[in-house]
Every structure is written in structure tokens, then in C-alpha cells.
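K.L.:
Below: one structure in C-alpha cells.
The values are calculated or read from the model by the stated rules, or taken from the named source; none is laboratory data. Being a predicted model, the structure only gives us computed values, none of them experimental. FYI the Cβ positions are ideal-geometry reconstructions off the backbone, even for glycines, and counts take in every protein chain you see. Note: accessible area is taken over every heavy atom of the protein model, side chains too, but ligands, DNA and RNA are not part of it. Shrake-Rupley method; radii C 1.70, N 1.55, O 1.52, S 1.80 Å.
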Amino acid sequence: MFGLKKDDKYFEVSDADNVENLPKDAWKVRPCEWYKEEYKDCKSVKARFHQYFVYGDTVDCTQWKSDYMNCMHFRKKHDLESLEKVVASENERKKQRIQSMEQNDVWEYRSNPPENWNSRMPSWMVENKKDSLLIDTQNMLNEGIDPTPIFTGFSCSIL
């Protein structure tokens, strides 16, 4: 069904030759091992403490496991229904992130940048930054000098 570019064991959505049959948002699917790592992290003692602190209870981690299983099923059997389930899960995750962001009333969202967003830096900041490598490099570029030699010759040895 799908031609493989790599060993079948490591097949990912991005490796498919025949992408016409894939769901529209198939590019959102992560490597299968990432879902397994997310599940393991979600179930860890450290994560459970964090969840209890933030939410007052532990969260349900089964979706990560389900995504891993569906991803692996797609990887092994090239089953589009399994892939569609993972895509739907990723879309739901995105929807929840956006909803959470929109419900956040701590920050006031703006439609335009502040009027003084590109004003000059305060004099104390200019004074602190005048001897920085970034300023030296910018001055060299402004004068038409190649700053590359500054960055060559540095080396790091770990013994």
C-alpha cells in the first residue's frame, strides 16, 4: 500500500511514498516512540506529583498509550484508520491548547504592538552592552569587515 524509504521497523508517516491516501493532517503525527515516552512520563512519580499539585488530582494518561498503539499499528500494518485516530487525537490536543490559551485571563492580548516597541534602549543598557561580542560583531559588519575570524580558533576540550 505505502512504499517505504526506510526499514519497515522505523516507518513514519513522513517516509511514505504514496502520500495521496494519507489523511489531511497526517504531518502532525509524531514518531511513535514519542507517544510512548509521553505515556511513560505522564505515569512517572514525578509527573504524578506535578499533576496533583497543578490540578488537584492525577490526569488520565491512557490517550498517550492509545496513540502509541495506534501509531505502531499504522507503522506495522499501514492501517489508515489507526493513523486517522492518531491525527484526531493530535487535533484534539491542539484544540485544548488553544482553548486553554484563550481562557487565560492573566494576559491581555493585543492586536498591535506597543507604540514604543522600537524606541532606543535606556542609556544604562547601552553602557552595559557596548563591550559585548554582539555589538563588536555588528560594528564590524557595519564597517564592511568580515567578523568570521573572531569566531575561528576557539576550541573546547573535554578531558
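K.L.:
Fully extended, how many nm does the chain gain between Ile135 and Ala88 (0.36 nm per residue separation, minus their Cα-Cα distance)?
P.N.:
On the way: separation 47, 0.36 × 47 = 16.92 nm, distance 4.79 nm.
Here the segment from Ile135 to Ala88 would lengthen by 12.1 nm.
K.L.:
Can you tell me the accessible area per residue over region 29-103, all protein chains present, probe 1.4 angstrom, in square angstrom? Mind showing how you got there, number by number?
P.N.:
Working: 5260 Å² over 75 residues.
Dividing the accessible area of region 29-103 by its residue count gives 70 Å².
K.L.:
I would also like to ask the following. Work out how much length Gln51 to Trp107 would gain on full extension: take 0.36 nm times their residue separation and subtract the Cα-Cα distance, in nm to one decimal.
P.N.:
Working: separation 56, 0.36 × 56 = 20.16 nm, distance 2.31 nm.
Computed gain between Gln51 and Trp107 is 17.8 nm.
K.L.:
Where the accessible area of region 56-140 is counted over protein heavy atoms with a 1.4 Å probe, how much of it, in %, is carbon and sulfur? List each step's numbers first, then the result.
P.N.:
Details: 3540 of 6930 Å².
Summing carbon and sulfur atoms, their accessible area is 51 percent of the total for region 56-140.
K.L.:
Let me ask another. Averaging over all projection directions, find the projected area of the Cα convex hull of region 29-103 and quote it in nm² with one decimal place.
P.N.:
Numbers: hull surface 20.9 nm².
Mean projected area for region 29-103: 5.2 nm², to one decimal.
K.L.:
With labels modelled as points extended 7 Å from the Cα through the Cβ direction, what inter-label distance (nm, one decimal) is found for Lys24 paired with Lys95?
P.N.:
Distance between the two pseudo-spin positions: 1.3 nm.
K.L.:
Taking the Cβ-Cβ separation of Ser123 and Glu143 as r and a Förster radius of 35 Å, what is the calculated FRET efficiency to the nearest 0.05? Mind dumping the intermediate values first?
P.N.:
Numbers: r = 24 Å, r/R0 = 0.68.
In this case the efficiency is close to 0.90.
K.L.:
DSSP loop (so not H, G, I, E, B), at most 11 other Cβ within 10 Å: list which trypsin sites (Lys or Arg not before Pro) in region 51-124 pass both filters.
P.N.:
Numbers: sites: Lys65, Arg75, Lys76, Lys77, Lys85, Arg93, Lys94, Lys95, Arg97, Arg110, Arg120; in loops: Arg110, Arg120.
Sparse-neighbourhood loop trypsin sites (Lys or Arg not before Pro): Arg110, Arg120.
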